[in-house]
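Just so you know, all these numbers are worked out from the coordinates, no wet-lab data involved. Since this is a predicted model, take the numbers as computed values, not measurements. Methodologically, a virtual Cβ is constructed for each residue, glycine included, from the backbone with ideal geometry; neighbour enumeration extends over all protein chains shown.
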Amino acid sequence: MKITLIRPNIGRLGDVPYFDEGRMEPLQLGLLAAMCPADWEVRLVDDRCEHIPFDEPTDLVAITVEVFTARRAYEISEQYRTRGVRVVLGGFHPTLIPEEAALYADAIVIGDAEPVWSQVLADAKACNLQSRYDGYTGKVQNGILPRRDLYKGKGYLPITLIQFSRGCRYACEFCAISAYFQQRYTSRPVDEVVREIEAQDRQLVFFVDDNVVADPAMSKQLFRRLIPLRIRWVSQGSMDMVWDSELMDLMCESGCLGNVIGFESITQESLTGMNKAPNLKGFDRYEKAIQILKQYGLQTWAAFTLGCDTDTRQSLYDTLDFAVHHKFTFAAFNVLMPYYGTPLYSKLAAQGRLLFDGRWWLHSGYRFNHAAFKPAQMSPEELTEMAFELRSRWNSASSILSRFFDLKTNMRTPYRMAIYWMYNPLFRKETLKKQGMFLGMEPV
């Protein structure tokens, strides 16, 4: 038996497929491959950098689907199903909107795949594939190490993706992670994570956890075990980590370079409206928190969400000025997106503010990084234009140069300087290139 595992592309730039120069290894497909029995031949195809061999014989196709890749995933599925090949869809999007995904697949996997993957393969082999398999968000990986050999030759960034935990305990209004995991959190045994790190050959690791510090006690256990490994690592973490000095000490001793942190907004009113609880403690526009981050030399990727009901043109310009002033190593200025299954989506739907028939991810008129709802203080077009203006100004050559001059972070060591200059030009190119791209590959 042969299975083809596919990571879909987002879409195309005009008539040309988008080529993602900042792509990272698809960890979830490496794990699925590792869970396949020895009598299954496995091929991994990454639509972001290679052509899909639709006419190459295969017995089963499995596609991981996110909201921005849903349209392309359904196109790929249709191509295989017209050739008589069975297709399984799984991931965040099918879990949050299974009734839609089921229209484009022979089977869908709801939740995490580990509990049901062996049954999916057994049923496929017996020609008895069920229409739906319900996994759950429980034990992470079950001791399985990903098939990293399948990543070779595909031009991924030189950073190893590893997962310590899944989920987050917070309930931010806009967050698909909270909707998917229903505020549940679970982590792997630390010994297992250490074994996976030792089994690969890189010194730079990205822990792809939704919130690596969601359980501080478990995080401290992990960080203590990382110290003798002498790796460097990055992850994603909530702002409230800065108030735990022991956690911060261990984090930095274990090799942390910095984290993606959801700042979202610089106003307390907006943060309260989106239920961004970890950002609200002693709120002073993050002055003390940023001081602590810089004290530890952490290179922060600050993520901002644009388009909350209290946002105005001036407040968005203030957000950019705030980010430039603090010389963050990286920053993202993201248009607020109504993901299906989130409280935000339900609220906007009830208020009649959703655009593109409420299915922007499939709508032929939607373009990447455009507003998909009616903001309260400006038009959708204004929000789209302002978000792109902020990204463009943040990623300008003068901004990149001026932000570099921070002795506490970006200039702290030669290695950190190299990280800054290696990735800022790349992220600038990718951020500006993707603006307004089509979702999916098929012409509208």
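Please report the net charge: other residues with Cβ closer than 15 Å to the Cβ of GLN351, K and R +1, D and E -1.
Counting the neighbours of GLN351, the net charge comes to +1.
If I stretch the segment between GLN435 and VAL16 completely, what's the gain in nm (0.36 nm per residue apart, minus their alpha carbon distance), one decimal?
Once the chain is fully extended between GLN435 and VAL16, it gains 149.4 nm.
Starting from the Cα of ALA171, step 7 Å along the direction of its Cβ; do the same at LYS139; then give the gap between the two resulting points in nm.
2.9 nm
Using helices alone, what [θ] at 222 nm do you get for the chain, with -39,500 (n - 2.57) per DSSP H run of 4 or more residues, divided over all residues and rounded to the nearest 500?
Working: 16 runs with 154 residues, N = 444.
My calculation for the chain gives -10000 deg cm²/dmol from helical runs alone.
Would you please give the FRET efficiency between THR413 and ARG225, computed as 1/(1 + (r/R0)^6) with r the Cβ-Cβ distance and R0 = 30 Å, to the nearest 0.05?
Taking R0 as 30 Å, the efficiency between THR413 and ARG225 is 0.80.
For the stretch 259-363, count all C-alpha to C-alpha pairs, find those more than 16 Å apart, and express that count as a whole percent of the total.
More than 16 Å apart: 62 percent of the Cα pairs in the stretch 259-363.
So what's the gap between the Cα centers of the stretch 378-423 and the stretch 32-78, to the nearest angstrom?
Each part's Cα centre sits 35 Å from the other's.
By count of other Cβ within 10 Å, fewest leading, how are SER131, SER238, SER396 ordered?
SER131, SER396, SER238
Taking each pair of distinct Cα atoms in the stretch 231-290 once, what is the resulting Kirkwood hydrodynamic radius in Å?
Across the stretch 231-290, the inverse of the average 1/r is 12.4 Å.
Relative to the Cα centre, what is the charge dipole magnitude of the chain, using +1 at the beta carbon of each Lys and Arg, -1 at the beta carbon of each Asp and Glu, and rounding to the nearest 20 debye?
It works out to roughly 820 debye.
Given Cβ point charges of +1 (Lys, Arg) and -1 (Asp, Glu) and nothing else, what value in debye, to the nearest 20, does the dipole of the stretch 2-134 about its Cα centre take?
Charge dipole of the stretch 2-134: 160 debye, to the nearest 20.
Once the convex hull of the alpha carbons of the chain is built, what does its volume come to per residue, in cubic angstrom?
Measuring per residue, one finds 135 Å³ for the Cα hull of the chain.
List, in the order given, every pair from LYS154/LYS408; LYS288/LYS374; LYS154/LYS374; LYS2/LYS139 whose Cα-Cα distance in the structure shown is over 32 Å.
LYS154/LYS408; LYS288/LYS374; LYS154/LYS374
Between ARG285 and SER398, what FRET efficiency comes out of the Förster formula 1/(1 + (r/R0)^6) with R0 = 22 Å and r the beta carbon distance, rounded to 0.05?
The formula returns an efficiency of 0.35 here.
Could you list which residues have their amide H under 5 Å from that of VAL213, counting only those 5 or more apart in sequence or on another chain, with H placed in the peptide plane?
Those qualifying (amide H under 5 Å, at least 5 residues apart or on another chain) are SER238.
What does the extension gain come out to for GLU246 and GLN314, with contour length at 0.36 nm per residue minus their alpha carbon separation?
Extra length available between GLU246 and GLN314 comes to 20.6 nm.
Which Cys residues of the chain have no other Cys beta carbon under 4.7 Å away?
CYS36, CYS49, CYS127, CYS168, CYS252, CYS256, CYS308 - these cysteines have no disulfide-compatible partner (Cβ-Cβ under 4.7 Å) in the chain.
Dipole of the chain (Lys/Arg Cβ +1, Asp/Glu Cβ -1, origin at the Cα centre): which of SER235, LEU336, ALA418 lies farthest to the positive side?
Farthest towards the positive pole: ALA418.
How do MET248, MET437 line up, fewest other C-beta atoms within 10 Å first?
Working: MET248 20, MET437 17.
If I rank by nearby Cβ atoms, fewest first, I get MET437, MET248.
For the chain, set up a GNM with springs between Cα atoms under 10 Å and report which of LEU150, LEU29, LEU96 has the largest fluctuation.
LEU150
Counting other Cβ atoms within 10 Å of each Cβ, which trypsin sites (Lys or Arg not before Pro) in the stretch 227-331 have at most 15 and sit in a DSSP loop?
Listed in order of number, the matching sites are ARG230, LYS281, ARG285.
Excluding LEU145 itself, what net charge comes from residues whose Cβ is under 9 Å from its Cβ, given Lys and Arg +1 and Asp and Glu -1?
Summing Lys and Arg as +1 and Asp and Glu as -1 gives +1.
How far apart, in nm, are two points set 7 Å out from the Cα along the Cα-to-Cβ line at ARG81 and at LEU362?
A separation of 1.1 nm, rounded to one decimal place.
Can you compute the modelled spin-label distance between TRP40 and ASP55, with each label point 7 Å from Cα toward Cβ, in nm?
Spacing of the two 7 Å Cα→Cβ label points: 2.7 nm.
Taking only Cα atoms and a 10 Å spring cutoff, compute GNM fluctuations for the chain and point out the largest among GLY352, GLY135, GLY91.
GLY352
Which semi-axis lengths, in whole Å and largest first, follow from the square roots of five times the eigenvalues of the Cα gyration tensor of the stretch 20-165?
21, 19, 16
Between ASP106, ASP240, ASP191, where does the largest GNM mean-square fluctuation fall for the chain, given springs only between Cα atoms within less than 10 Å?
ASP191
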